[in-house]
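I have placed the structure first, in the form of structure tokens, so that the comments after it can refer back to it.
The values are calculated or read from the model by the stated rules, or taken from the named source; none is laboratory data. Because the structure is a prediction, the values reported are computed rather than measured. Please note: Cβ atoms are built from the backbone with ideal geometry, for glycine as well, and neighbour counts cover all protein chains shown. To get the accessible areas, we keep the full protein, side chains included, count just its heavy atoms, and leave off ligands, DNA and RNA. Shrake-Rupley method; radii C 1.70, N 1.55, O 1.52, S 1.80 Å.
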Amino acid sequence: ATPDSIAILPFANMSEDKENEHFGDGLAEELLNLLAKVDGLRVAARTSSFYFKDKDATIADVAEALGVDTVLEGSVRRSGDTIRVVAQLIRARDSTHIWSERYDRPLTDIFQVQDDIANQIVAALRPHLDAGVQPAAIKSDPGGISSEQFALFLRARNKYLNGTRESTTEARDEFLALTKAAPDYAP
């Protein structure tokens, strides 16, 4: 089978500060959204992919459960104002690397990291996708917010998805503050 489908797993937080976990989840979700726009590429749903977070599953397990040919996995590490992202695209049938890359960027450049990763994944899969796919067309749309506000959004969303009463209350307060600061940011 040609690789025309992908699952994006949450990126593992390799930082000592567990508060940074939202970066990995947010990056995976944004990549999922970007790649879902590519004609000829079938992307497993977020809920299905995120089911495997913190589970001891192999690439083959994930691929079989989600019916995909490739799996994107990676890690995020934060040190001060710098973020290191490692992403790996794995072919499910034999667990071999199709592509792997490391990105060291200032946190102010998170949108560019997302765009770079999404474009390189599409370039790696391009021979098997619709001929009209143009990798350069993939661009994240931060919606006019700053990288700092985007990081706040990711942290609040992570708290919301945590689902406890306390984390949901904290997320609500953070979402309200972000809405006041960036009223045109729809998510």
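What the table below lists for this structure:
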| quantity | calculated |
| --- | --- |
| Reachable lysines, given that their alpha-carbon falls under 29 Å from the alpha-carbon of LYS180 and they are not under 8 places away in the same chain | LYS18, LYS139, LYS159 |
| Fully extended contour minus Cα-Cα distance, from ASP56 to ASP39, at 0.36 nm per residue | 3.0 nm |
| Antiparallel bridges, percent of DSSP beta bridges restricted to the chain (to nearest 5) | 75 |
| DSSP H segments from the chain that extend 18 Å or more along their own axis, Cα-based, with Kyte-Doolittle mean of -1.0 or above | 21-35, 110-125, 147-162, 165-181 |
| Net charge dipole size for the chain [Lys, Arg +1 and Asp, Glu -1 on Cβ; Debye, nearest 20] | 140 |
| Accessible surface, 1.4 Å probe, highest first, among residues LYS55, LYS159 | LYS55, LYS159 |
| Theoretical gain in end-to-end length, THR82 to THR179 [0.36 nm per residue, Cα-Cα removed] | 32.3 nm |
| The chain - accessible surface per residue (Å², probe 1.4 Å) | 52 |
| Simple Cβ-charge dipole of the range 20-101, Lys/Arg +1 and Asp/Glu -1, about Cα centre, in debye nearest 20 | 80 |
| The chain: calculated mean residue ellipticity at 222 nm from DSSP helix runs of at least 4, using -39500 (n - 2.57) | -13000 deg cm²/dmol |
| Relative contact order computed over the range 4-80 (Cα-Cα under 8 Å; 6+ residues apart), in percent | 52 |
| Extension reserve of the LEU107-ASP94 stretch, reckoned as 0.36 nm per residue once the Cα distance is removed | 1.2 nm |
| GLU16-SER167 FRET efficiency (beta carbon distance; Förster radius 30 Å; 0.05 resolution) | 0.90 |
| Dimensionless Rg ratio for the range 30-127, taking C-alpha atoms and the 2.2 N^0.38 Å reference | 1.09 |
